[in-house]
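Colleague: Input: one structure, supplied below.
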Amino acid sequence: MPHSAIDHDHLSRQTGGDHELERELLVLFSQQCCGHLRTIHHGESLKARMDAAHTLKGAALAIGAWQVADAAGLIEQQLAQADQSRAEPTMDALALAAAEARAEIARFDCAA
């Protein structure tokens with residue numbers, strides 16, 4: 001089975017099998033993801049960047065976007081340790097994971 005950026009079984013459990021709610025959550029995640037990524041990369045303060053990483057991690061955990069959640073959580077830790085040099089490669093991994101999740105969401109939304 002090919003890799004899935006979204007754990008649809010988890011999402012179904014989270015929504016009680018309500019497919020319309022699944023779609024709404026996925027679309028909302030996709031829409032908000034870009035703003036969080038911008039803040040993580042270019043936020044005005046370290047706190048704003050950490051808050052965006054934390055929020056994105058929570059949203060990703062809710063829908064089963066495990067790779068996004070893992071990368072966002074790691075960035076949150078790295079920023080908390082003021083370890084900017086280690087955060088940059090992780091940001092690249094987060095951007096890739098988010099792009100994969102958003103592409104899968106777009107396919108799911110079009111199929112609905």
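Quick note: the coordinates plus some simple rules give every number you see, no bench work behind them. Here the structure is a predicted model, which is why all the values come from computation and not from measurement. Virtual Cβ from ideal backbone geometry, glycine too; neighbours counted across all protein chains shown.
Colleague: Got at least one residue in segment 10-20 being under 19 Å from Ala106 (Cα atoms) and of a type in the set (D, E, K, R)?
Modeller: Yes: one or more hits.
Colleague: If a residue must be outside any helix (DSSP H, G or I) and aliphatic (A, V, I, L, M), how many such residues does segment 54-66 contain?
Modeller: 1
Colleague: While we're here: Based on what the data block shows, is Gly64 under 18 Å from Leu26 (Cα atoms), surrounded by fewer than 19 Cβ atoms within 10 Å (Cβ to Cβ) and either in contact (Cβ under 8 Å) with a residue 40 or more places away in the chain or not acidic (Asp, Glu) (or both)?
Modeller: no
Colleague: Taking segment 67-86 as the search range and keeping residues that are among the polar types (S, T, N, Q) and in a helix (DSSP H, G or I), which one is surrounded by the fewest Cβ atoms within 10 Å (Cβ to Cβ)?
Modeller: Top of the filtered list is Ser85.
Colleague: Report yes if Ser85 is touching a residue at least 24 places away in the same chain (Cβ under 8 Å) and among the polar types (S, T, N, Q), otherwise no.
Modeller: no
Colleague: Please indicate, with yes or no, whether at least one residue in segment 87-99 is surrounded by 15 or more Cβ atoms within 10 Å (Cβ to Cβ), at positive phi and within 11 Å of the chain's Cα centre (by Cα).
Modeller: Among the residues of segment 87-99, not one is surrounded by 15 or more Cβ atoms within 10 Å (Cβ to Cβ), at positive phi and within 11 Å of the chain's Cα centre (by Cα), which makes the answer no.
Colleague: Given the criteria within 18 Å of Asp109 (Cβ to Cβ) and part of a helix (DSSP H, G or I), does Arg23 qualify?
Modeller: yes
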